[in-house]
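I have placed the structure first, in the form of structure tokens, so that the comments after it can refer back to it.
The values are calculated or read from the model by the stated rules, or taken from the named source; none is laboratory data. Bear in mind the structure is a predicted one, so any value in this text is a computation, not a measurement. Cβ placement follows ideal geometry from the backbone for every residue including glycine, while neighbour counts extend to all protein chains displayed.
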Amino acid sequence: MKKRIATVSLAGCFGCHMSLLDIDERLLDLLELVEFDRSPLNDLKRFTGPCDIGLVEGGCCNEENVHTLHEFRANCDILVAVGQCAVMGGLPVMRNAIMHAEDPLRECLETAYLDSDYVLNPTNSIPNDPALPLLLDKVYTLADVVKVDYQIPGCPPSGETLWHTLDALIAGRQDRLPYELIKYD
Amino acid sequence: MAETFTFSLDGGKISAHPGQSIMEAADAAGVYIPRLCDTEGLKPQGSCRVCVVKMNGRTVAACTQPAKADSVVESETPEILGYRRDLVRMLFHEGNHLCPICEASGRCELQAMAYRLGITQSTKYPYLQPVRPVDASHPDIVLDTNRCILCGRCIRASRDIDGKNVFEYVGRGIHKKVGVNGDNLADTNVSIDDRAIHLDICPVGCIIQKGRGFFTPIGKRQFDLAPIGGEEKGHEE
């Protein structure tokens, strides 16, 4: 039976998903072995059933991210943190520790929407629409929120690294990344 | 040279002479013991503990422990590799190590050590995410202390080679940090030509020379090509 895979990008940039496309023609091999459930690759927004493997890109920066991550944990047997943002917060985590800031999140938003010389914002307000997911006080890693089974470092992990990992996970084989595929950048 | 003796390192015979540390003797024999706070040309201080080995069953720092005749030293054992991985992991968790945006990435010894030790597994430690200052006051040099691992290599280079004492430890315990001899770096007599500022002194991206970031393309950087310490060992986790 084909393995079922779900993927999502939380507080990420979709770079890790783009990197998955870098496995090139092996995508065809992959599709022989797996069926994609919820994923931006097929635009399915909800789980249609339990999955074998969940690939999560990005950390958690808002309450929707946390909600989605809990859904992934509940529906996926194996949950994989993909990329530096999922593993340790990545670039979004820079807002957790801003030098001399009493309230880093407020300072970050003020710089982004009000104070910067490069901002044109006629309402002079920070976006606050009820439809926007509520921002968390800090950016959290996946492991801060749920149990993570595996992590693939890299920004993004190369197509080769993702293939190597997926190949082993799908075959249920214990494996490790060779030296040249371990990258934190 | 004075009389020499031998000791065993992971089953191999290493010869040493009195006064040599385990690491010096191993280096002379071409056997690499991982290290971060020790580097050639500086006095060893044994603070990072990444060079931890067992000598006759006791854990010691190979860079400061004098070699002893007929002793049995273990280095690349699962137990010792586990210690090293935990030590390196804790360094990653104690500071703010954002490899994707760091100009030292690819030539960073901390990162290279993690690669060598094969650290890819989920972590059991929390990320401390400390708020630490960036000192860009000097015209030629930036200090991004988010990346500092307190190895003290800049301290020893400035004190023992440059004779300037620009850097020093301040504080204790978790509050310990490397301070500069002035309100900020621009107030000190540091110069871009100091040994302490040389690229091979800071093992991470804390001491940065302005105007020359990302000078080696990805794929050609120091540790893109070969693991730190040469031949890869102890990868298994």
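Scanning the stretch B:23-74 for residues that are among the hydroxyl-bearing types (Ser, Thr, Tyr) and over 20 Å from residue B:161 (Cβ atoms) yields B:32, B:59, B:71. Within the stretch A:93-110, one or more residues are aliphatic (A, V, I, L, M) and more than 12 Å from chain B (Cβ to nearest Cβ). Residues that are out of contact with any Phe, Trp or Tyr (no Cβ under 7 Å at 6 or more places or on another chain), under 25 Å from residue A:84 (Cα atoms), touching a residue at least 60 places away in the same chain (Cβ under 8 Å) and facing chain A (nearest Cβ under 10 Å) do occur in the stretch B:120-133, at least one of them.
Scanning the stretch A:75-89 finds one or more residues that are more than 26 Å from residue A:171 (Cα to Cα) and at pLDDT below 95. Restricting A:97, A:74, A:101, A:86 to those that are in contact with an Asp or Glu (Cβ under 8 Å, 6 or more places away or on another chain), farther than 15 Å from residue A:7 by Cβ and not hydroxyl-bearing (Ser, Thr, Tyr) reduces the list to A:101. Residue check: is residue B:149 under 15 Å from the mean Cα position of the chain (by Cα), within 25 Å of residue B:129 (Cα to Cα) and either not in a helix (DSSP H, G or I) or not assigned by TED's automatic domain parsing to the domain that holds residue B:113 (or both)? Judged against the criteria, residue B:149 is a match.
Rundown of residues vs (1) surrounded by 21 or more Cβ atoms within 10 Å (Cβ to Cβ); (2) in contact with a Ser or Thr (Cβ under 7 Å, 6 or more places away or on another chain), yes/no style:
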position	(1), (2)
B:97	yes, no
B:108	yes, no
B:135	no, no
B:142	no, no
B:147	yes, no
B:163	no, no
B:173	no, no
B:180	yes, yes
B:193	no, no
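Scanning the stretch B:162-184 for residues that are in a loop (DSSP other than H, G, I, E, B) and either more than 23 Å from residue B:129 (Cα to Cα) or outside the structural domain of residue B:202 (by TED's automatic domain parsing) (or both) gives B:163, B:164, B:165, B:166, B:181, B:182, B:183. Before we move on, is residue B:160 touching a residue at least 40 places away in the same chain (Cβ under 8 Å) and over 18 Å from the mean Cα position of the chain (by Cα)? No; evaluated as a whole, the condition is false for this residue. Taking the listed residues B:104, B:112, the one that is crowded, with 21+ Cβ neighbours inside 10 Å, in contact (Cβ under 8 Å) with a residue 40 or more places away in the chain, more than 9 Å from chain A (Cβ to nearest Cβ) and in a loop (DSSP other than H, G, I, E, B) is B:104, with no other qualifying. Is it the case, given these coordinates, that residue A:41 is touching a Ser or Thr at 6+ places or on another chain (Cβ under 6 Å) and either touching a residue at least 12 places away in the same chain (Cβ under 8 Å) or in a strand (DSSP E or B) (or both)? Considered against the rule, which asks whether it is touching a Ser or Thr at 6+ places or on another chain (Cβ under 6 Å) and either touching a residue at least 12 places away in the same chain (Cβ under 8 Å) or in a strand (DSSP E or B) (or both), residue A:41 comes out as no.
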